[in-house]
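One structure is given below, encoded as structure tokens.
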Amino acid sequence: MTLPANIRVLERGWLSSNNILIDNGADCVLIDSGYVAHAAQTLLLLQHALAGKPLSRLINTHCHSDHMGGNAAVQRAHGCRTSIPAGEAPAIAAWDDAALMLSYTGQSAERFRYDDTLAAGDRLQLGGLEWETLAAPGHDPHALMFYSSEARILISGDALWENGFGLIFQDLFGTTGGFADTRTTLESIARLDIDTVIPGHGAPFGDVSRALQTAFGRLDAYERDPSKLARHALKVMLSFSLMIQGRLALAALPQFLAERPIYADINGRMLQLPETELREYLVRDLERAGALKLEDGWLVAA
């Protein structure tokens, strides 16, 4: 599996999304900017990858904090045009903390401006290739993907990873439709001729059939038992927070969870576990999975 030489993936892990740099010849375009706490690192990586070329445009697949948190820093450094999904525009324009799920989840981002929006069906010329903009609802109802039929490359954001997809927030928050939207998005990917997927997290991959089989299997399991989604979501949220902080005193965990409404909301709606049992479950399972270590009374991000 080989990407064109003018497409470079800055693989970032899970706190920051991948940054995808496409060289247009005279200038470059960046897709997604990572989390705000990593903004300085993003700028250094970008400076090295640009090798002196100007960055003319920044595009977001969607506007969750780990994908757009570095936007403001990138804008200041490069003065680039910024394009976001059309459905995200009202929340970004108003900097609607609730709609952007920032304080609700204990995450943060720096306010930024956007210059224009993208919608499903739009076509972009990037790196000498034509890219079709595709709707990717499920993880985020307004998310977009970018597909080059010529190069058979899909930039999938959080709609498809090698081993799953992003959290389906809609069904976590007491509304319906997220499962159906996720299935529709996966089915639309299955109809494409793809050699390489560039995901929002993790390395680019070529075995699309296997990834889709994994994703459909996970979705089937969530539909049969939504509590599996709830448990997974709470572990993901705590793991993400630990990656931000580095470590947290075990004794401070009750207050930490109480200050972030997402934990009580999802637990109350879908699990109804006593608070002590919920905390013990989260620590036990994340430690078992290798996502954290318990050291001398501290939860340490692994």
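The values are calculated or read from the model by the stated rules, or taken from the named source; none is laboratory data. All of these numbers come straight from a predicted model, not from anything done at the bench. Ideal geometry is used to build each Cβ from the backbone, glycine not excepted, and the neighbour counts take in all protein chains shown. The area values use the complete protein model at the heavy-atom level, side chains included, leaving out ligands, DNA and RNA. Shrake-Rupley method; radii C 1.70, N 1.55, O 1.52, S 1.80 Å.
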Matching residues, the range 153-183, being at pLDDT 95 or above, within 17 Å of residue 221 (Cβ to Cβ) and open to solvent by less than 20 Å² (accessible area, probe 1.4 Å)
160, 164, 165, 166, 167, 168, 178, 182
I need the full set of residues from the range 191-213 which are surrounded by fewer than 17 Cβ atoms within 10 Å (Cβ to Cβ) and closer than 21 Å to residue 143 by Cα, in order please.
191, 192, 193, 203
Quick one: what pairs do we get from the range 48-68, first residue under 21 Å from residue 135 (Cβ atoms), second open to solvent by 10 Å² or more (accessible area, probe 1.4 Å) and of a type in the set (Lys, Arg), C-beta under 8 Å, 6+ apart or different chains?
57/81; 58/81
Between residues in the range 269-293 that are farther than 14 Å from residue 253 by Cα and in contact (Cβ under 8 Å) with a residue 60 or more places away in the chain and residues that are part of a helix (DSSP H, G or I) and open to solvent by less than 80 Å² (accessible area, probe 1.4 Å), which pairs lie under 7 Å by C-beta distance while being six or more apart or on different chains?
270/226; 270/227; 270/230
Test for residue 162: is it over 14 Å from the mean Cα position of the chain (by Cα), without any contact (Cβ under 8 Å) to a residue 60 or more places away in the chain and farther than 21 Å from residue 80 by Cβ
no
Given (1) over 15 Å from the mean Cα position of the chain (by Cα); (2) closer than 25 Å to residue 229 by Cα; (3) crowded, with 17+ Cβ neighbours inside 10 Å, index of the condition residue 147 fails
(2)
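Please note which helices (runs of 4 or more DSSP H) are completely contained in the range 21-112 and include at least 1 residues that are open to solvent by 30 Å² or more (accessible area, probe 1.4 Å) and at pLDDT 95 or above.
Here the list reads 39-50, 71-78, 89-94.
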Give all pairs with beta carbons closer than 8 Å in which a residue from the range 238-250 that is touching a residue at least 40 places away in the same chain (Cβ under 8 Å) meets a residue that is open to solvent by 20 Å² or more (accessible area, probe 1.4 Å) and β-branched (Val, Ile, Thr); count only pairs at least 6 apart in sequence or on separate chains.
242/300; 246/300; 247/300
Residue hits (the range 113-135; in a loop (DSSP other than H, G, I, E, B) and either under 30 Å from residue 260 (Cβ atoms) or without any contact (Cβ under 8 Å) to a residue 60 or more places away in the chain (or both)) are 113, 114, 115, 119, 120, 121, 122
Scan the range 110-127 and give yes if some residue there is under 21 Å from the mean Cα position of the chain (by Cα), on the phi > 0 side of the Ramachandran plot and not β-branched (Val, Ile, Thr), otherwise no.
no
Would you point out which residue out of 186, 257, 219, 229 is touching an Asp or Glu at 6+ places or on another chain (Cβ under 9 Å), open to solvent by less than 10 Å² (accessible area, probe 1.4 Å), modelled with pLDDT of 95 or more and in a helix (DSSP H, G or I)?
229
Tally, over the range 270-287, of residues that are within 24 Å of the chain's Cα centre (by Cα) and open to solvent by 70 Å² or more (accessible area, probe 1.4 Å)
1
